[in-house]
1. What translational D, rounded to a whole number of µm²/s, comes out for the chain from Stokes-Einstein when the hydrodynamic radius is the Kirkwood one over Cα pairs, at 4 °C and 1.567 mPa s?
2. W157's amide H: which non-local residues (gap 5+, or another chain) put their own amide H closer than 5 Å, with H modeled 1.01 Å from N in plane and none for Pro or chain starts?
3. Helix-derived [θ] at 222 nm for the chain: sum -39500 (n - 2.57) over DSSP H runs of at least 4, divide by residue count, nearest 500?
4. Semi-axes of the equivalent ellipsoid of the stretch 1-119: what are they in whole Å, largest first, if each equals the square root of 5 times a C-alpha gyration tensor eigenvalue?
5. Distances longer than 18 Å among the Cα atoms of the stretch 1-56: what percent of all pairs is that?
6. Counting DSSP beta bridges in the chain, what percent are antiparallel, to the nearest 5?
7. How big is the equivalent ellipsoid of the stretch 203-282 along its three axes, where each semi-axis is √(5λ) from the Cα gyration tensor, reported in whole Å from largest to smallest?
8. May I ask you to list the trypsin sites (Lys or Arg not before Pro) in the stretch 1-110 that are in a DSSP loop and have at most 13 other Cβ atoms within 10 Å of their Cβ?
Amino acid sequence: MANIDFTYVVEEIPARNTKIVAGDPALTAGGPAINAAITFGYLGGSASLVSAVGRHSLTSVIQDELDRVGVRLHDVTGEKQAPPPVSAILVIRQTGERTIIASGDKGFSALGFECDPQWFAGVSIVLVDGLYMPVCVAVATQARALGIPVVLDAGSWKAGMPALLPHVDIAVCSNDFLPPGCHEEREVFAYLKAQGITRLAITRGESSIHYLEAGTAGEIAVPQIQAVVDTTGAGDIYHGAFCYAMAQPGRGFRDALEFGARVASFSCQYLGTRKWMEEFRS
């Protein structure tokens with residue numbers, strides 16, 4: 001999902017029927033796939049985004065930012081006139097915690113879609129997140145047929161997920177991802193293994209990452225930072241960095257999980273989803 005993010009830094013979440021002045025406002029393109037693609041490109045990869053953008057005055061914000069960082073856009077809406085989803089993000093200055101008010105997707109949810117085989121020329125890895133599920137299923141199916149690894153950003157369980165999972169090679173889940181009938185981590189791992197997914201990980205915020213690879217369990221410590229400024233988009237940045245590492249010859253699953261954690265943790269020291277790039281050195 002491609003959307004517009006308005007980010008404000010506040011001292012506290014405002015009370016009902018009040019007005020406050022926020023510092024450090026920022027207007028950026030947002031959404032899990034955009035943040036991941038821009039991270040992938042910043043780290044040295046070449047990324048393409050398949051999403052619904054359409055024709056609207058606000059979409060220039062999305063297109064301009066993608067153009068600046070060299071992310072190629074495959075817009076599946078054609079000439080449809082509809083505004084992109086918009087999010088208002090309030091970041092508490094002292095803790096880095098954030099509250100998000102999202103409009104959701106109203107204009108493109110019933111989108112029809114055909115996958116273009118030319119999109120996959122030279123592609124070494126594909127990331128899907130379950131938003132615009134028909135698009136994700138079509139892209140994952142085509143990638144699997146071409147032998148391209150498919151990574152699932154499993155932030156939460158979404159309608160239509162059973163149609164997507166058979167085409168997934170690697171699942172990197174948040175601890176909020178709970179398939180039907182699952183209540184704890186071991187059940188999530190068992191459910192995904194039953195779908196034929198052999199490389200699995202569950203991220204748990206600042207706590208350690210638990211993973212399974214070919215039936216072998218492991219744990220990865222997450223780098224701790226002294227001052228959290230903003231956690232917005234950290235999961236998206238994680239997935240972009242993970243995919244970048246997985247696409248590099250000679251780097252394995254655990255190595256990619258560790259690299260994703262290092263980049264995502266570093267990003268939490270900066271406001272928004274882009275400022276960390278000015279300081280990060282891989």
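Computed from the coordinates by the stated procedures, all read-outs in this text should not be read as laboratory data. On a predicted model such as this, the values are computed, not experimentally measured, just so you know. Neighbour counts run over all protein chains shown; Cβ positions are idealised from the backbone, glycine included.
1. Values: Rh = 19.4 Å.
Using the Kirkwood radius from Cα pairs, D works out to 67 µm²/s.
2. When sequence neighbours closer than 5 places are left aside, the close amide H contacts are L178.
3. Working: 7 runs with 77 residues, N = 282.
My calculation for the chain gives -8500 deg cm²/dmol from helical runs alone.
4. On the way: eigenvalues 172, 63, 25 Å².
Three semi-axes, in Å: 29, 18, 11.
5. Values: 810 of 1540 pairs.
Pairs farther apart than 18 Å: 53 percent.
6. Details: 21 of 45 bridges.
The antiparallel fraction comes to roughly 45 percent.
7. Values: eigenvalues 100, 43, 17 Å².
One finds semi-axes of 22, 15, 9 Å for the stretch 203-282.
8. On the way: sites: R16, K19, R55, R68, R72, K80, R93, R98, K106; in loops: R16, K19, K80, R93, K106.
Within the stretch 1-110, the qualifying trypsin sites (Lys or Arg not before Pro) (loop, at most 13 other Cβ atoms within 10 Å) are R16, K19, K106.
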